[in-house]
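Worksheet for the structure shown next.
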Amino acid sequence: MCIQFIDMFLDGAEISHLAGEFEDKDAYKIIEWVNSRFGDKATIAFSGQVEDCVILHIMHEISGKNLSAFMLDTGRLNEEVYDLVDRIYSKYGIKIRLYSPDSGETEDMVGKYGANLFYKDPKYRIMCCGVRKVNVLKRVLKDYAAWITGVRRGQVSTRAQTKKIQFDAQFSLVKVSPIADWTWKRVWDYIKDKDVPYCSLYDKGYTSIGCEPCTRPTFITGDEPTEEELRKGRWWWERKDSAKECGIHFSYDKNQVS
Ligand code: SF4
C-alpha cells in the first residue's frame, strides 16, 4: 500500500500547508520540489493531452530523460496517440511505459456486454473506463508516493477545486498538478514557444484526447473555450450535465457503476 510512502514523506497537515504555499509557485518550482522530495517514487501520468506534453517538457528541462512516465494503453486509443509517444521518445529520449488492462477482466466485460458497451448505458461506459483505466492506474500507482498530472481547473467543472498538491484518497498517494491554474491559451502559447510535440488530433479539431470510439473533434475556435466546449467531444452521446470524467480525477458513486 502506498500509504506507507505517505507516512514516510508527508502527513495530511503538511500537504494542506503545501497546498497553500504552492498556489503561487510556478510549475518549474513545484516539479523541482517533487523531484527533491520523492525522487524515483514520483511518476508522470501521460494521456496524450496537450497539458501532459507541457509537463513532460518541463520535467525534461529539469531532469533530462531520467524520469518515470507512463500511459494507460486502454486498447482503444487512436493511432495518433502512439505516434506521439514515439515522437516524444525521438525528441527527448523519454520512454513512456504503456500499461494494458488486465486481459481476463477485459475479456469478461466484453464477453458479457459487448466490445462497444459504452454506448448502451452510462453505467457500462463507467464500467469500461474502470476496467481499461482506473483499475490499471491502481496497479501502477501502488509503487509510487506521488503522481504528477496535467489537470487544469478550467478543463471541466469537476476539476475546478483541484489543488496543486493534494492527497489522492482514491489511489492513496500525493497528487501534484503543477499547471492547475494555467489557461488553455497559456498551454498553447507554451507549446508553440518551446516547440513541444503534441498529438496531431488537435490539428483535426479535437480539444481533448481520449479513446477513439468515445472522443470526437469539437472544432472550437478562439483563445479560451468554455469547459463545456472543451469536453463536449468526450462521450458526446451522454447527457450534457453528466460528469465528463473517466473516474481517474473524479470518483463515481458505487451505485453509478452497478
Ligand atoms: S473512454 Fe470509452 S473505450 Fe476508453 S475506457 Fe472509457 S468507455 Fe472504454
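The values are calculated or read from the model by the stated rules, or taken from the named source; none is laboratory data. Here the structure is a predicted model, which means the values were calculated and not measured. Using ideal geometry, Cβ is built from the backbone for each residue, glycine included, and neighbour counts are taken over all protein chains shown.
Quick rundown of the values:
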{"read-out": "SER251 more than 30 Å from GLU79 (Cβ to Cβ), within 16 Å of the ligand (Cβ to nearest atom) and either at pLDDT 95 or above or in a loop (DSSP other than H, G, I, E, B) (or both)", "value": "yes"}
{"read-out": "Any hit, the stretch 160-171, residues being under 14 Å from VAL81 (Cα atoms), at pLDDT 95 or above and either within 16 Å of the chain's Cα centre (by Cα) or polar (S, T, N, Q) (or both)", "value": "no"}
{"read-out": "Qualifying residue in the stretch 168-188 (condition: under 30 Å from LYS41 (Cα atoms) and of a type in the set (Asp, Glu))", "value": "yes"}
{"read-out": "Qualifying positions in the stretch 168-222 - in a loop (DSSP other than H, G, I, E, B) and in contact with a strand residue (DSSP E or B) (Cβ under 8 Å, 6 or more places away or on another chain)", "value": "PHE171, SER177, PRO178, TYR206, SER208, ILE209, GLY210"}
{"read-out": "Selected residue (criterion: farthest from the ligand (Cβ to nearest atom)) from residues of the stretch 81-99 that are outside any helix (DSSP H, G or I) and in contact with a Lys or Arg (Cβ under 9 Å, 6 or more places away or on another chain)", "value": "GLY93"}
{"read-out": "Yes/no for GLY75 being surrounded by 21 or more Cβ atoms within 10 Å (Cβ to Cβ), outside any helix (DSSP H, G or I) and small (Gly, Ala, Ser)", "value": "no"}
{"read-out": "Lone unmet requirement of (1) away from the ligand (no atom under 16 Å from the Cβ); (2) basic (Lys, Arg); (3) in contact (Cβ under 8 Å) with a residue 40 or more places away in the chain; (4) surrounded by fewer than 16 Cβ atoms within 10 Å (Cβ to Cβ) for LYS185", "value": "(3)"}
{"read-out": "Which numbered condition LYS175 misses (of (1) more than 16 Å from the ligand (Cβ to nearest atom); (2) in contact (Cβ under 8 Å) with a residue 40 or more places away in the chain)", "value": "(2)"}
{"read-out": "Residue match in the stretch 121-142 (condition: polar (S, T, N, Q), more than 25 Å from TRP33 (Cβ to Cβ), exposed (fewer than 14 other Cβ atoms within 10 Å of the Cβ) and at pLDDT 95 or above)", "value": "no"}
{"read-out": "Subset of the stretch 79-101 (residues that are crowded, with 20+ Cβ neighbours inside 10 Å, in contact (Cβ under 8 Å) with a residue 40 or more places away in the chain and of a type outside the set (Val, Ile, Thr))", "value": "LEU84"}
{"read-out": "Boolean, TYR124 is assigned to a helix (DSSP H, G or I), closer than 21 Å to THR226 by Cβ and over 15 Å from the mean Cα position of the chain (by Cα)", "value": "no"}
{"read-out": "The stretch 213-241 - residue that is among the acidic types (Asp, Glu) and surrounded by fewer than 16 Cβ atoms within 10 Å (Cβ to Cβ) and, of those, farthest from the ligand (Cβ to nearest atom)", "value": "ASP223"}
{"read-out": "The stretch 61-79: number of residues that are within 16 Å of the ligand (Cβ to nearest atom) and over 17 Å from the mean Cα position of the chain (by Cα)", "value": "1"}
